[in-house]
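Just so it is clear, none of the values below were taken in a lab; they were calculated from the coordinates. Quick caveat, the model's predicted, so the values are computed rather than measured. A quick note on method: Cβ atoms are made from the backbone with ideal geometry, for glycine too, and the neighbour counts reach across all protein chains shown.
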Amino acid sequence: MSKAKGFINEFKQFAVKGNMIDLAVGVIIGAAFGKIIDSLVRDVMMPFINFILGGSVDFSNKFIVLSKPEGYSGPETYVDMTNAGANVLAYGNFLTILINFILLAFVVFCLVKVIAKARATMEKEKEVQAAAAPDPADVVLLTEIRDLLKNKN
């Protein structure tokens with residue numbers, strides 16, 4: 001019984017450690033942030049790119065049929081072919097995901113640069129405030145006493 005109680009207490013300490021909680025919060029916020037970035041790419045950037053290119057950048061229905069099921073005579077779309085059990089090489093889906101990844105990486109890169117610039121600006125402001133801050137009263141008093149002692153000798 002004592003070993004089980006010790007094990008449970010050890011687990012409680014592990015589970016509520018600051019780093020463990022911070023990690024859990026980071027994962028949750030990261031997942032939500034990932035959804036925001038994914039939506040930005042899919043819902044904002046891709047339509048704009050489609051407009052610029054004058055067509056669709058969705059290649060998900062581009063594929064090569066390697067083998068059809070026997071007697072299949074239905075429509076030859078990617079979804080219908082895969083549902084029927086056809087062996088298809090879906091290169092278009094890969095290209096769409098690759099383009100989305102490149103755009104996503106670009107957006108994250110830009111966000112990291114903006115955040116780094118904001119941090120640098122905040123650090124400079126802190127340095128300026130620290131340099132402009134007057135010395136505390138006790139430091140000023142000690143400096144005056146030191147100067148008086150120097151002048152006496």
Next item on the list: Please specify each residue of the stretch 107-153 satisfying the condition of being in contact with a helix residue (DSSP H, G or I) (Cβ under 9 Å, 6 or more places away or on another chain) and loosely packed, with under 10 Cβ neighbours inside 10 Å.
Entry: PRO134
Notebook entry, point to check: ALA84 passes all but one of (1) in contact (Cβ under 8 Å) with a residue 24 or more places away in the chain; (2) aliphatic (A, V, I, L, M); (3) farther than 30 Å from LEU111 by Cα; (4) surrounded by 11 or more Cβ atoms within 10 Å (Cβ to Cβ); which number fails?
Noted result: (1)
Next item on the list: Mind listing whichever residues of the stretch 36-85 are aliphatic (A, V, I, L, M) and in contact with a strand residue (DSSP E or B) (Cβ under 6 Å, 6 or more places away or on another chain)?
Entry: ILE64, VAL65, LEU66, MET81
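Per-residue answers, yes or no, for (1) among the small types (Gly, Ala, Ser); (2) more than 36 Å from the chain's Cα centre (by Cα):
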residue: ALA105; (1), (2): yes, no
residue: ALA118; (1), (2): yes, no
residue: VAL128; (1), (2): no, no
residue: ALA132; (1), (2): yes, yes
residue: ASN151; (1), (2): no, yes
